[in-house]
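Below is one structure, written out as structure tokens; the observations come after it.
Any read-out appearing in this document is the output of simple, stated calculations on the displayed coordinates, not a laboratory observation. None of the values given here were measured: they were computed from a predicted structure. Positions of Cβ are generated from backbone atoms using ideal geometry, with glycine treated the same way; all protein chains shown enter the neighbour counts.
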Amino acid sequence: MKKYLAVANWKMNPGTEGEALDLFSTTLNAAKSARNVEVVVCPPFPFLSAIERRWGIHDLEMRSEAAVHLGAQDLFWERDGAYTGEVSGPMEKELGVSYVIIGHSERRRLLGETDEMVNKKLQRAFETGLHPILCIGEKERMGDDIPEIVGDQLKKATQGISGMFIESLVVAYEPVWAIGTGKPDTPESMHKAAIYIRKVLAEMHGEGSVSHARVLYGGSITSTNVASFIRETSGEVQGVLVGGASLKDDFAKIISSLEEIES
Ligand code: PEP
């Protein structure tokens, strides 16, 4: 049975290491009782090592015993060198990180991250043995159809990447207007987006590589709306990427809502 994926993007929160350890511990407790949900927590870089030290996630990953996987919020495309302020995939791997968010809209918008950079980061993540969570989504929605920009972002991000890697790709569709606004997209529109994403991937990389790729929804997910994005999307959506609600008790409820859905 395939598990649903619940990814917590803490962004630049919480403020202290102590709070981060408490928050991780709460999420870990919720994840331990979930059989049908794979939980990934993406804390800010400085807290990764504190979490690794406390729970030994790297060794747990080696023994396939991690109840919560660690994710990073970004990586740099080079392995090492003179890149002030950047963090490499191998450094993340050593800290027990197994997932990495790439191309989040906040990085594209605030830090000028381009599709070309996203492509290089994606390539590096795969080569490092990390599972990338590629974020795509339009700034504005005009009409009912998923805008072509979403397909363009996907094509440019996965350009030149081998089909073997695409099989393990996680794509998070996050319409920018739905992030942090309390105004989520509808399951109906997410259904269309997931079909569109698979079509674009299949055209570029072949049907075979797309069957295992996972598609997530992100944007103002809470425990109240999470189930609808799975139940009302005919098996096209395999999980969620959660920002604001992942910093609250609501994330435990999101995990249990997913747990209750029959897959
Ligand atoms: C995000 O930033 O990836 C996100 C989905 O945020 P929120 O859940 O707060 O909308």
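Please identify the GluC sites (Glu not before Pro) of the stretch 123-220 that satisfy two criteria: DSSP loop assignment and at most 10 other Cβ atoms within 10 Å. Which are they?
Details: sites: Glu127, Glu138, Glu140, Glu148, Glu167, Glu188, Glu203, Glu207; in loops: Glu138, Glu140, Glu167.
Those that pass, being in a loop and sparsely packed, are Glu140.
The stretch 43-80: which GluC sites (Glu not before Pro) are DSSP loop and have at most 11 other beta-carbon atoms within 10 angstrom?
Values: sites: Glu52, Glu61, Glu65, Glu78; in loops: Glu65, Glu78.
Loop-located and lightly packed - Glu65.
Could you please rank Thr128, Thr233, placing first whichever residue has the fewest other Cβ atoms within 10 Å of its Cβ?
Details: Thr128 18, Thr233 21.
Fewest-to-most Cβ neighbours within 10 Å comes out as Thr128, Thr233.
Counting Lys and Arg as +1 and Asp and Glu as -1, each charge on the Cβ, what is the dipole of the stretch 4-259 about the Cα centre in debye, to the nearest 20? Present the calculation step by step, with values, prior to reporting the outcome.
Details: 26 positive and 36 negative charges, 36 e Å.
I would put it at about 180 debye.
Given a 10 angstrom Cα cut-off, can you work out which residue in Val200, Val97, Val68 is the most mobile in a GNM of the chain?
So, out of Val200, Val97, Val68, the one fluctuating most is Val200.
Pick out, in residue order, every one of the chymotrypsin sites (Phe, Trp or Tyr not before Pro) in the stretch 132-184 that is DSSP loop and has at most 15 other C-beta atoms within 10 Å; say none if there are none. If you can, show how the numbers build up before the last one.
Numbers: sites: Phe165, Tyr173, Trp177; in loops: none.
Of the chymotrypsin sites (Phe, Trp or Tyr not before Pro), not one in the loops of the stretch 132-184 has a Cβ with at most 15 other Cβ atoms within 10 Å.
Pull out the extension gain between Lys2 and Ser168, defined as 0.36 nm times the separation in residues minus the alpha carbon to alpha carbon distance; nm, one decimal.
Working: separation 166, 0.36 × 166 = 59.76 nm, distance 1.33 nm.
Taking Lys2 through Ser168 to full extension adds about 58.4 nm, to one decimal.
Efficiency by 1/(1 + (r/R0)^6): what FRET value for Ser33 and Glu86, r their Cβ-Cβ distance, R0 = 41 Å, to the nearest 0.05?
Details: r = 37 Å, r/R0 = 0.91.
So, using R0 = 41 Å, E works out to roughly 0.65.
Neighbour counts of other C-beta atoms within 10 Å: give me Ser25, Ser228 arranged from fewest to most. Display every interim value, and only then the final one.
On the way: Ser25 13, Ser228 16.
By the 10 Å Cβ count, ascending: Ser25, Ser228.
Could you tell me the distance between the Cα centroids of the stretch 52-119 and the stretch 138-156, to the nearest Å?
About 26 Å separates the Cα centre of the stretch 52-119 from the one of the stretch 138-156.
Compute the Cα gyration tensor for the chain, then decide on rounded, prolate or oblate, letting a ≥ b ≥ c be the square roots of its eigenvalues: rounded whenever a/c is under 1.5, prolate when a/b is larger than b/c in the other cases, and oblate in all that remain. Walk me through the numbers before you get to the answer.
Details: a/c = 1.43, a/b = 1.11, b/c = 1.28.
Rounded.
State to the nearest 20 debye the size of the charge dipole of the stretch 202-254 about its Cα centre, where the only charges are +1 on K and R beta carbons and -1 on D and E beta carbons. All intermediate terms of the calculation are to be shown ahead of the outcome.
Details: 4 positive and 6 negative charges, 46 e Å.
Around 220 debye, computed over the stretch 202-254.
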